[in-house]
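Peer 1: Encoded as structure tokens, here's the structure I'll be asking about.
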Amino acid sequence: MRPLVATIDLAALRHNYEHAKRCAPGRQAFAVVKANAYGHGVREAVTALYSVADGFAVASLEEAAVVRAMHGSARVLLLEGCFEASEYQLAASMRLDVAVQGEAQAAALLEAELAEPLNVWLKLDSGMHRLGFDARALRVWHARLQGAPQVAELSLMSHLACADERGHRLTEQQQEVFASLQDLPFAQRSLANSAAVLSLPATHLDWIRPGIMLYGATPFAELSAEALGLRPVMTFTGQLIALREVAVGESVGYGATWVAERPSLIGTVSCGYADGYPRHAPSGTPVVVRGQRVPLAGRVSMDMLAVDLTDLPQAQIGDSVELWGAQLPVDEVARAAGTIGYELLTKVTQRVPRRYC
Ligand SMILES: *Cc1c(COP(=O)(O)O)cnc(C)c1O
């Protein structure tokens with residue numbers, strides 16, 4: 001079998017969920033499990049959080065169906081709402097909570113014939129300008145939806161664009177727009193993503209929506225997951241499948257971009273960009289072998305990558321290689337590759353087996 005595996009620590013996932021809850025005492029939490037639980041496996045994530053999570057949040061009806069099949073009673077929130085009118089009936093039959101983020105979606109809801117009314121979260125565009133009603137339109141739709149036969153609880157949600165940047169002006173503005181609707185009666189209010197859960201208690205309100213923090217990665221550029229009290233959930237591990245000595249002036253990998261400046265020991269690792277390792281990770285990006293960080297050497301291939309083991313001469317074929325995880329924060333690899341932990345975690349591909357512990 002190809003020696004590459006993503007080991008998922010479900011106890012760490014539970015720890016991180018409970019950490020989010022401790023950050024927002026007395027509030028409820030939608031565990032965000034969209035995108036296959038950020039690449040970790042939605043079924044296993046829901047099972048691990050079954051007895052502790054107040055609810056789950058997903059990006060589509062298809063994702064919601066998987067969660068509902070696993071958990072009959074938790075609240076399951078469709079973060080972007082229904083993509084077509086016919087989905088409302090399915091959403092009602094699954095007893096989902098649905099976001100309503102625009103005029104067309106709201107109008108379709110009022111025309112839907114539903115067996116049961118839905119919990120509706122009116123989405124406010126408080127400044128991110130991606131989804132939602134502006135404050136004025138939101139008042140209009142609040143009046144139309146309040147008491148409509150399709151609507152059970154009517155709640156308010158919005159999303160922060162810059163909560164990961166301390167003291168960003170937009171965050172303050174967004175909170176002000178949100179607060180300007182204080183006078184409207186809503187059953188529940190929700191604003192906080194992970195960054196806000198960790199740093200902005202005023203945004204916690206009734207329901208928090210932690211995503212990335214559950215998986216033990218940081219939403220902040222300047223603050224590590226460890227410093228935030230989070231435990232890494234995914235450890236991505238390959239193996240040294242070949243070793244060779246490379247003379248000064250010889251190159252490694254496609255494009256011959258890495259050239260030995262000293263007699264070098266090069267290891268070939270069983271992980272490439274078809275597994276989700278970022279192809280743009282430059283030479284120098286760390287991996288961990290025998291507890292020691294060693295640098296990538298040359299371009300990442302589809303199924304393999306190379307590392308410079310010159311400073312770790314005891315390395316052997318068969319040694320395991322941690323691409324990220326318990327010894328090497330995914331955020332550190334993401335930074336080296338010019339991206340964020342979210343992208344690396346969600347892009348680990350299907351061909352990588354997940355092992356749960
Ligand atoms: C994905 C998502 C979240 C979770 O965001 P994190 O930064 O991963 O915590 C929360 N709310 C909405 C609307 C989302 O789409």
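Peer 1: Can you tell me which of Val259, Val269, Val248 is without any contact (Cβ under 8 Å) to a residue 12 or more places away in the chain and either of a type in the set (Asp, Glu) or not assigned by TED's automatic domain parsing to the domain that holds Ala29 (or both)?
Peer 2: Val259
Peer 1: Inspect all residues belonging to the stretch 235-252 and state whether any of them is in contact with a His (Cβ under 8 Å, 6 or more places away or on another chain) and either under 18 Å from Leu328 (Cβ atoms) or not aliphatic (A, V, I, L, M) (or both).
Peer 2: Checking the stretch 235-252: not a single residue is in contact with a His (Cβ under 8 Å, 6 or more places away or on another chain) and either under 18 Å from Leu328 (Cβ atoms) or not aliphatic (A, V, I, L, M) (or both).
Peer 1: List the strands (runs of 3 or more DSSP E) inside the stretch 34-152, counting only whole elements, that have at least 2 residues being farther than 30 Å from Val5 by Cβ.
Peer 2: Strands (runs of 3 or more DSSP E) meeting the threshold: 75-78, 97-100, 118-124.
Peer 1: Same structure again: Collect the residues in the stretch 75-93 that are of a type outside the set (Ser, Thr, Tyr) and either surrounded by 19 or more Cβ atoms within 10 Å (Cβ to Cβ) or within 15 Å of the ligand (Cβ to nearest atom) (or both), keeping them in residue-number order.
Peer 2: Hits for the stretch 75-93 are Arg75, Val76, Leu77, Leu78, Leu79, Glu80, Gly81, Cys82, Phe83, Glu87, Ala91, Ala92.
Peer 1: What's the total number of residues in the stretch 196-236 that are more than 24 Å from Gly276 (Cβ to Cβ) and either crowded, with 24+ Cβ neighbours inside 10 Å or under 14 Å from the mean Cα position of the chain (by Cα) (or both)?
Peer 2: 6
Peer 1: Moving on. Ala99 is checked against (1) more than 13 Å from the ligand (Cβ to nearest atom); (2) of a type in the set (A, V, I, L, M); (3) touching a Lys or Arg at 6+ places or on another chain (Cβ under 8 Å) and fails just one. What number does that condition carry?
Peer 2: (1)
Peer 1: Within the stretch 148-162, does at least one residue satisfy the condition of being over 18 Å from Ala57 (Cα atoms) and in contact with a His (Cβ under 6 Å, 6 or more places away or on another chain)?
Peer 2: yes
Peer 1: Which residues, counting only those in the stretch 10-35, are surrounded by fewer than 21 Cβ atoms within 10 Å (Cβ to Cβ), more than 13 Å from the ligand (Cβ to nearest atom) and under 20 Å from Val352 (Cα atoms)?
Peer 2: Passing the criteria: only Leu10.
Peer 1: Go through (1) hydrophobic (A, V, I, L, M, F, W, C); (2) away from the ligand (no atom under 14 Å from the Cβ); (3) surrounded by fewer than 19 Cβ atoms within 10 Å (Cβ to Cβ) and name the single condition Val67 misses.
Peer 2: The single condition Val67 does not satisfy is (3).
Peer 1: Looking at Pro295, Pro286, can you tell me which residue is out of contact with any Asp or Glu (no Cβ under 6 Å at 6 or more places or on another chain) and not small (Gly, Ala, Ser)?
Peer 2: Pro286
Peer 1: Out of (1) closer than 25 Å to Val352 by Cβ; (2) surrounded by fewer than 23 Cβ atoms within 10 Å (Cβ to Cβ), what's the single condition that is false for Tyr38?
Peer 2: For Tyr38, the exception is condition (2).
Peer 1: Which residues, taken from the stretch 175-230, are away from the ligand (no atom under 14 Å from the Cβ), assigned to a helix (DSSP H, G or I) and either among the polar types (S, T, N, Q) or not assigned by TED's automatic domain parsing to the domain that holds Lys123 (or both)?
Peer 2: Scanning the stretch 175-230 gives a single hit, Gln175.
Peer 1: In the stretch 102-126, what residues are touching a residue at least 40 places away in the same chain (Cβ under 8 Å) and away from the ligand (no atom under 16 Å from the Cβ)?
Peer 2: Within the stretch 102-126, Leu109, Leu110 qualify.
The values are calculated or read from the model by the stated rules, or taken from the named source; none is laboratory data. Everything numeric in this text was worked out from a predicted model, so none of it was measured. Cβ atoms come from the backbone with ideal geometry, glycine included; neighbour counts cover every protein chain shown.
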